[in-house]
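A quick write-up on the structure given underneath.
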Amino acid sequence: MKYKDTLNLGKTDFPMRGSLPKTEPVRQQKWYDINLYQQRLTQNENKPHFNLHDGPPYANGNIHLGHALNKISKDIIVRYKNMAGFYAPYVPGWDTHGLPIEQQLTKAGYDRKSMKKAEWRNLAKDFALTQVDKQRNDFKRLGIMADWEKPYITLLPEFEAAQLRVFGEMAGKGYIFKGSKPVYWSWSSESALAEAEIEYHDIDSVSLYYANQVKDGKGILDNDTYFVVWTTTPFTVTASRGITLGPDMTYAVIQPAGETRKFVIATGRLDAIVPLFGWENYEILATYKGQELDRIIAYHPWDSETEELVMNADHVTLDSGTGLVHTAPGFGEDDFNVGMKYGLEAFVTVDEKGYMTKNAGPDFEGKFYDDVVGVVINKLKDAQLFLAKEKITHSYPFDWRTKKPIIWRAVPQWFASVEKFRQNILNELDHVTFYPEWGKKRLYNMIRDRGDWVISRQRVWGVPLPIFYAEDQTPIVDQAVINHVADLFEAHGSNYWFEHEAKDLLPDGYTNEHSPNGQFTKEEDIMDVWFDSGSSWAGVMNTRDHLDYPADMYLEGSDQYRGWFNSSLITSVAATGHAPYKNVLSQGFTLDGKGNKMSKSLGNTISPLDVADKMGIEILRLWTISVDTSQDMPVSNDILKQVSESYRKLRNTLRFLMANTTDYNATTDAVPFAERAGHDQYFSVLLNNFIKDVRQSYDNYQFNDIFKRVINFVNVDLSAFYLDIAKDVVYVEAPTGHARRSMQTVFYETLLALTKLLLPVLPHTAEEVWEYLPNETLDFAYLSEMPEAKDLGNVTALLENWSTFMSLRDAVNKALEEARGAELIGKNAEAALTLYVTSEQNDLLQNLNADVRLLLMVSQLYIVDVEKAPTDVKSYDGILIDVKHAIGGVSPRDRMFHEDLGADAAFPELSQHEADIVREFYPEALTEGLE
């Protein structure tokens, strides 16, 4: 027989390469076919609850890398919690109302205006549900374990009804009101927008400087005096009704050389502005505080019948302009606020599509608002009031869906008050834990600074505002009526609103003092989609028995501080007095490998489904924990290839452990901790601490720490030490001997712990490993429990001894490396090592309870008192070490040098120890011989 036949060479059918793109879909289908998700929940039904509430992605198009990061992160948490002693359901959701779906219908050739609203909405519903199915399949390909057959969808009747009841709660507390103040108006969407639907881009604009003549100077200014104002939105001059000054700012009345007119400019802006007008010399005639000029009246630049009132407000600054702000209350929040204080009209001269209306004047009517700069300049020049223009670059709000600029426009809208209960919202944040911690301050500041929430939209595809109007147009915002409509929606869906008259939607016999004839009309606007998703805590948690409120976790991208985190908090505190979540985890955005934002136009996007098809979704799942998700994360094909190398290392390590425990029975062969060899005890302690650390990282949602700990454990503790010495034990020692069983026990415990700890991240690989573990009786690894750290007693002294030894080992490795460089030895096995040690060091080596020669991987080791060290012996890190070439012959079985080679006549090429093993366990070698 051959020498190798007397070795315990590890064998396993577990493939070195996983063929993940082929095997993952098959494995996933098996999970879904047997409903493994429900099996795990049933097993956990009497355990403490953990509810991660899914933020609904918008149902439109295939998923992208951001979706994948989000859903994989949630899956990791939910899988871990289920294996860690919690009942942790995961109900996925979809956001299905809103403009993008209507835009898709328009692109497909449908004309909304030629169709009944209910017909249009049915088309939108059908489209949304096809997108839900598409994305559901995409998410399942990521290996996400969830209640895929019963998701929550914002268009479902039960969800819409719950949303209306939240609205009713807010209405009942007086938080819903109608007002006509400037809102973000998207002419490209023909609808008002909420702050969460706005993004900012730098644009170039033309700013104008012009003069308004004093009409009534109140005895302070003469009629030949002009206020010099500045605007960055020339079209709004058509609606100008005032000039705002800073009350505590100083203003100068100046007269330029050669001018008969006098001009008012803030003294703090004179040096910056006057050169623009070509006024090389001027005389300051007088100065006034802004409050002294309050309520002076000026003419509109070209409309002599319209007056402009001088007002005071604190929003005026000296950062730019002239210190005098052109004020059009119908086109700006600050303008509106100061205008209302002074009783001005919120005049609007632009329609819902961005075109100037008749009341802007015949020179403007019908023109697009952004095309009238030249008309404004000409009107100012005709009136001899134009002073200068300049190009400026500044940040400007855009509709985040259409990517077109917006305008502020005062139109009647429905609002949810934030001001009335703002402090309650802010107080609730003290009961929420944020990951990362800065998230609390970010959300706090956003709530502190936000205005009232515009909740009405001039669209069709959404949840109707359940508001009626009496005959005299008094709005009916009645909680009982709203709850009645909610009951109708729950029974029939929200299309019922568009299919029936107001009388059919109101409670039977409903009367109102404002409708003596019993005639009512209904609101035509729909709710902001952020109210849809922001009500999901009610639409999901309050309608499903197994979900708890408030949720234990909300997890989304960092943009949701202004979106879902924000709207959910407002609706929940408004309706219940409590935040909807106990913990909030936010993640950054995915960037390309160079740190640039991913976009289709740049061609730098990566499809998660392409990664799944080419490399396997396990690689993307492992990437998810390899990066710091608290900030923006780079990803590229090269980065994913690096991650795949880490995966290969993990897989091969699991395979090695598996191969060397195939003949191990966990019930009959396990060696108790106290009886294990010293190196096995040491590694058992390292494993125990590893389990503690990884569990703690999971508990604290520190994914990147999990990756670092796993990679360090596998590469350093396992590969660079324990597995390095293992082959001389598991391959060479007696198959059933104590030394081998002791190490196999640790191998199996490590294999089991790694498999379970990695399962939330690499479920496909963990389940594949599980199929090769005959000692485990459960059908799936996911049905097992997370490994627990064991009580190994006081191991402080053990760890201290081994820490000291590992330093000694480092010194030995330096000496061996130097010997290799001098060509004294080749491999470590060719070395005969002499250590000159102190009595304390000798005690340390004895206390290790291990074969130190084996640990150092040399053929011969001599421990000598340091007092006997030759004077020329070299010191390595304070330890005297001598390296010589080993003596004796090399055994073909263990590849080590032995002085007693041939001591057993029957096996002349083996050491006595090896001969004894072969004689006992391979007796056929006595008759067949060895070759």
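Worth a mention:
So that you can scan it fast, the table gives a plain yes or no per residue for (1) on the phi > 0 side of the Ramachandran plot; (2) touching a residue at least 60 places away in the same chain (Cβ under 8 Å); (3) in a helix (DSSP H, G or I):
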{"site": "L620", "(1), (2), (3)": "no, yes, yes"}
{"site": "T624", "(1), (2), (3)": "no, yes, yes"}
{"site": "S630", "(1), (2), (3)": "no, yes, no"}
{"site": "L657", "(1), (2), (3)": "no, yes, yes"}
{"site": "T661", "(1), (2), (3)": "no, yes, no"}
{"site": "N665", "(1), (2), (3)": "no, yes, no"}
{"site": "S697", "(1), (2), (3)": "no, no, yes"}
{"site": "D705", "(1), (2), (3)": "no, no, yes"}
{"site": "R709", "(1), (2), (3)": "no, no, yes"}
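- For region 154-199, a tally of residues being over 20 Å from F421 (Cα atoms), among the β-branched types (V, I, T) and surrounded by 17 or more Cβ atoms within 10 Å (Cβ to Cβ) returns 2.
- Region 865-901 - residue that is among the β-branched types (V, I, T) and within 30 Å of E931 (Cα to Cα) and, of those, surrounded by the most Cβ atoms within 10 Å (Cβ to Cβ): V890
- Among the criteria (1) outside any loop (DSSP other than H, G, I, E, B); (2) of a type outside the set (S, T, N, Q); (3) under 23 Å from L20 (Cα atoms), the one P760 does not fulfil is (1).
- Test set (1) assigned by TED's automatic domain parsing to the domain that holds V463; (2) modelled with pLDDT under 95; (3) part of a loop (DSSP other than H, G, I, E, B) - G593 fails condition number: (1)
- Check on I63, within 23 Å of L622 (Cα to Cα) and surrounded by fewer than 22 Cβ atoms within 10 Å (Cβ to Cβ): yes
To keep it simple, each residue is scored yes or no on (1) closer than 29 Å to A766 by Cβ; (2) polar (S, T, N, Q).
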{"residue": "G577", "(1), (2)": "no, no"}
{"residue": "Q587", "(1), (2)": "yes, yes"}
{"residue": "I617", "(1), (2)": "yes, no"}
{"residue": "W623", "(1), (2)": "yes, no"}
{"residue": "S626", "(1), (2)": "yes, yes"}
{"residue": "S630", "(1), (2)": "yes, yes"}
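- Single match in K11, K22 (criterion: surrounded by fewer than 17 Cβ atoms within 10 Å (Cβ to Cβ), among the charged types (D, E, K, R) and either under 30 Å from P923 (Cβ atoms) or touching a residue at least 60 places away in the same chain (Cβ under 8 Å) (or both)): K11
- When S586, S630 are checked against the criterion of being of a type outside the set (D, E, K, R), under 30 Å from L429 (Cα atoms) and crowded, with 22+ Cβ neighbours inside 10 Å, a single residue qualifies: S586.
- Boolean, G361 is under 30 Å from R295 (Cβ atoms), under 40 Å from the mean Cα position of the chain (by Cα) and either surrounded by 20 or more Cβ atoms within 10 Å (Cβ to Cβ) or outside the structural domain of R457 (by TED's automatic domain parsing) (or both): no
- Odd one out for A84 among (1) among the aliphatic types (A, V, I, L, M); (2) over 30 Å from L41 (Cα atoms); (3) touching a residue at least 60 places away in the same chain (Cβ under 8 Å): (2)
- Of all residues assigned to region 789-811, at least one qualifies as being over 29 Å from N842 (Cα atoms), surrounded by 12 or more Cβ atoms within 10 Å (Cβ to Cβ) and modelled with pLDDT under 95.
- Screening Y469 with (1) within 28 Å of the chain's Cα centre (by Cα); (2) without any contact (Cβ under 8 Å) to a residue 60 or more places away in the chain; (3) in the same structural domain as T106 (by TED's automatic domain parsing) gives one miss only, at (1).
- Among the residues of region 222-241, just one is crowded, with 23+ Cβ neighbours inside 10 Å and in a loop (DSSP other than H, G, I, E, B), namely S240.
- Within region 447-456, the residues that satisfy the criterion of being touching a helix residue (DSSP H, G or I) at 6+ places or on another chain (Cβ under 8 Å) and in a helix (DSSP H, G or I) are I447, R448.
- Residues in region 278-306 that are surrounded by fewer than 23 Cβ atoms within 10 Å (Cβ to Cβ), within 21 Å of P234 (Cα to Cα) and either among the small types (G, A, S) or within 52 Å of the chain's Cα centre (by Cα) (or both): H300, S304.
- Of all residues in region 1-58, those being of a type in the set (K, R) and assigned to a loop (DSSP other than H, G, I, E, B) number 4.
- Scanning region 358-377 for residues that are touching a helix residue (DSSP H, G or I) at 6+ places or on another chain (Cβ under 9 Å), in a loop (DSSP other than H, G, I, E, B) and within 22 Å of E307 (Cβ to Cβ) turns up G361, D363, F364.
- Residue-level check: of (1) in contact with a Ser or Thr (Cβ under 7 Å, 6 or more places away or on another chain); (2) in a loop (DSSP other than H, G, I, E, B); (3) of a type in the set (S, T, Y), S73 misses just (2).
- Conditions (1) more than 60 Å from the chain's Cα centre (by Cα); (2) farther than 22 Å from K2 by Cα: number failed by S875: (1)
- Flag for T624 being surrounded by fewer than 22 Cβ atoms within 10 Å (Cβ to Cβ) and either in contact with a Lys or Arg (Cβ under 9 Å, 6 or more places away or on another chain) or at pLDDT 95 or above (or both): no
- Residue count for region 841-896, restricted to those that are part of a strand (DSSP E or B) and either within 30 Å of P908 (Cβ to Cβ) or acidic (D, E) (or both): 11
- Lone qualifier among G109, G143 - being of a type outside the set (F, W, Y) and modelled with pLDDT under 95: G109
- Check on A575, over 20 Å from the mean Cα position of the chain (by Cα) and among the small types (G, A, S): yes
- Residues of region 465-486 classified as surrounded by fewer than 19 Cβ atoms within 10 Å (Cβ to Cβ), closer than 20 Å to I176 by Cα and among the charged types (D, E, K, R), total: 1
- Any hit, region 719-732, residues being surrounded by fewer than 20 Cβ atoms within 10 Å (Cβ to Cβ) and either among the hydroxyl-bearing types (S, T, Y) or touching a strand residue (DSSP E or B) at 6+ places or on another chain (Cβ under 9 Å) (or both): yes
Results for (1) under 17 Å from F531 (Cα atoms); (2) assigned to a strand (DSSP E or B); (3) in contact with a helix residue (DSSP H, G or I) (Cβ under 8 Å, 6 or more places away or on another chain); (4) assigned by TED's automatic domain parsing to the domain that holds F331, shown as yes or no for each residue.
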| residue | (1), (2), (3), (4) |
| --- | --- |
| F415 | yes, yes, no, no |
| Q423 | no, no, no, no |
| G439 | no, no, yes, no |
| N445 | no, no, no, no |
| V460 | yes, no, yes, no |
| D487 | no, no, yes, no |
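The values are calculated or read from the model by the stated rules, or taken from the named source; none is laboratory data. No experiment lies behind these values; they were computed from the predicted model shown. Because the Cβ atoms are built from the backbone with ideal geometry, glycine has one as well, and the counts that use them run over all protein chains shown.
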